[in-house]
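Heads up: the structure comes next, in C-alpha cells.
The values are calculated or read from the model by the stated rules, or taken from the named source; none is laboratory data. Please read these numbers as outputs of a predicted model, since none were measured by experiment. Cβ placement follows ideal geometry from the backbone for every residue including glycine, while neighbour counts extend to all protein chains displayed.
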C-alpha cells in the first residue's frame, strides 16, 4: 500500500499551472502503465461539494509508463475560472478496481490582477 504524500500547492489565477510528481517504491519509479489518473480541487473535503477544477488522464494529466512521473497541467483559462481562495485537492490513480491516492493537500489560488 502506498501512503499519499502531502504537498501544498499555489496556483496563480489566469496562468498556466504545471507540476510534476515522481512516485517511487523503495527508490524504484512506479510503472503507471494501464492506470488512469484524476485530480480534483474542491473548497472542502466533501464529495458533494462541486469541484472547481477536475483534471484526468489525457485532459491535464500524463502518467509516465516507466519513470514514475505524473505531470499535471491546467490551462490559463482553467485557472482563470477558479475564484481566488483556499481549497483542497487529491490525486488518485486507478487500475481496474485498485485505487491509490498519490498526493493530497491544500490548493491555494492567488488572485490575478492583470487581465
Which of the residues belonging to the range 6-31 are within 19 Å of residue 62 (Cα to Cα), outside any loop (DSSP other than H, G, I, E, B) and within 12 Å of the chain's Cα centre (by Cα)? 9, 11, 17, 18, 19, 20, 21
Got a sec? Which of 88, 109 is out of contact with any helix residue (DSSP H, G or I) (no Cβ under 9 Å at 6 or more places or on another chain), at pLDDT 95 or above and farther than 16 Å from residue 37 by Cβ? 88
Residue among 49, 26, 18, 67 that alone is in contact (Cβ under 8 Å) with a residue 24 or more places away in the chain and farther than 17 Å from residue 93 by Cα: 18
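Being under 15 Å from the mean Cα position of the chain (by Cα), farther than 15 Å from residue 7 by Cα and without any contact (Cβ under 8 Å) to a residue 24 or more places away in the chain is the requirement here; does residue 62 meet it?
yes
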Any chance you could count how many residues in the range 1-21 are within 30 Å of residue 111 (Cβ to Cβ) and loosely packed, with under 14 Cβ neighbours inside 10 Å? 7
